[in-house]
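Report on the structure given below.
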């Protein structure tokens, strides 16, 4: 299929391309079908850490190679900073090198946290540009230690491991993670004004961009880019799945029957199938641009993306409190309610995480963190955080090599839940310290950024970050009250009382 080189080209109108596009998809499908399935790109550009990017790996399928807590965990530490910004909202944790965690914390920015003590190392706060400084995703951590962050303040940033800005690039209202090409030369992301961007990773200069649609704010969210072994790009925007060559030529695009406002995902399975959610549906798309199937959930899965087990089972949590498990052919394997339904933003708040043993982990709006066996569907444990999470859904749990589970249980609290006793999870690195600590309210790090209204990168560092002094650790083992067993095997912990009323959902943003 012959396409034009794309360098800041206007969007092709669907009406003028539907027939040609359909024919092109057929031709491309035949051509690709003649080739053996190539493996999806490996994680070489990513750091070899337990959770270097959104969804753990280059396929963003939220599957960890490590085993998490299989019985009631203990709280190793809790991170509770709340005064750095009124819009602080703990969303998800990434894991870098040298025992450093990176917490995306809404309008506060990104915290670097010591994984052993729970103490803050530094805080990166995006500049105020007229848009929110919201950071939804933890940094994508490259193999060279550099960090890549997007913010709703319009900017994508490259940082060094100490939080210093290497370059910045202005796009528009970014609410999606940064992806790194297989050869490590480029970073890619979708902007909420309908543009797709390719930047040089070394200096942040624009390689090319393409106008996908005339979308508005709130329509380009949770859409990481994935790559095949040849470096071809796959991603979604609004209600269309796209594939580009590395140099910016369209391979194919697939309009999806629209159910809801936009697609989220993909999460990619080992056979190359891409799974997207679309408000109340789960969709499967092949890498040659064919829709395999679509299954309605009967409830909303707004802002939640799928997790994929080692056996190919696809898991999605929803606001009615159910976990849905689908086989790769789209048939329902099982579904089970674990969290009470409570309207929009309720039920299962987070994406599901799958560990190497097939245990599912997720956060409910009820404030409980769940460990569930995917084989038996029984609740292995349920930890009561004593917090009701009123933020919007789609937060992500992450799992460290020693089995510690990091959970943003509240807008202003993240827990480190460790196997009991600490250090018994497998596979495991060197056993970690058994001391737990509760971070003290140390002075906030400051980041002063120059918000220049340009679309070119700047190689001069634009932030000054003061590391937080390390106070003496305070040993504190927190109570694990609130756990119940599930002896009758109904998937609901014994003695669980569902609250008759639910707190009012609080919107986190006014610019939608």
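Okay, here's what the table says:
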read-out	value
When residues of region 250-265 are limited to those that are surrounded by fewer than 20 Cβ atoms within 10 Å (Cβ to Cβ) and outside any strand (DSSP E or B), the one modelled with the highest pLDDT	256
Residues (without any contact (Cβ under 8 Å) to a residue 40 or more places away in the chain and out of contact with any strand residue (DSSP E or B) (no Cβ under 9 Å at 6 or more places or on another chain)) located in region 244-278	258
Pairs where the first residue, in region 145-159, is on the phi > 0 side of the Ramachandran plot and in contact (Cβ under 8 Å) with a residue 40 or more places away in the chain and the second is assigned to a loop (DSSP other than H, G, I, E, B) and surrounded by fewer than 24 Cβ atoms within 10 Å (Cβ to Cβ), C-beta under 9 Å, 6+ apart	145/47; 145/96; 145/97; 145/98; 145/160; 145/161
Any hit, region 281-298, residues being within 22 Å of residue 92 (Cβ to Cβ) and out of contact with any strand residue (DSSP E or B) (no Cβ under 6 Å at 6 or more places or on another chain)	no
In region 305-317, residue surrounded by the fewest Cβ atoms within 10 Å (Cβ to Cβ) [restricted to those that are part of a loop (DSSP other than H, G, I, E, B) and touching a strand residue (DSSP E or B) at 6+ places or on another chain (Cβ under 6 Å)]	313
Test result for residue 23, out of contact with any strand residue (DSSP E or B) (no Cβ under 9 Å at 6 or more places or on another chain) and either more than 22 Å from residue 387 (Cα to Cα) or modelled with pLDDT under 95 (or both)	yes
Positions within region 159-187 being part of a strand (DSSP E or B) and under 18 Å from the mean Cα position of the chain (by Cα), in sequence order	175, 179, 180, 187
Count of region 240-249 residues which are buried (at least 19 other Cβ atoms within 10 Å of the Cβ) and not in a loop (DSSP other than H, G, I, E, B)	4
For residue 203: the one exception among (1) within 20 Å of residue 94 (Cβ to Cβ); (2) not in a strand (DSSP E or B)	(1)
Residue ID - surrounded by the fewest Cβ atoms within 10 Å (Cβ to Cβ), chosen from residues in region 277-290 that are assigned to a strand (DSSP E or B) and modelled with pLDDT of 95 or more	284
Residue match in region 210-220 (condition: touching a strand residue (DSSP E or B) at 6+ places or on another chain (Cβ under 7 Å), under 19 Å from residue 152 (Cα atoms) and modelled with pLDDT of 95 or more)	no
Some residue of region 325-346 being within 26 Å of residue 71 (Cβ to Cβ), buried (at least 23 other Cβ atoms within 10 Å of the Cβ) and over 18 Å from the mean Cα position of the chain (by Cα)	yes
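The values are calculated or read from the model by the stated rules, or taken from the named source; none is laboratory data. The model shown is predicted, which means the values in this text are computed figures rather than measured ones. Neighbour counts are summed over all protein chains in view; Cβ atoms, including those assigned to glycine, are modelled from backbone coordinates with ideal geometry.
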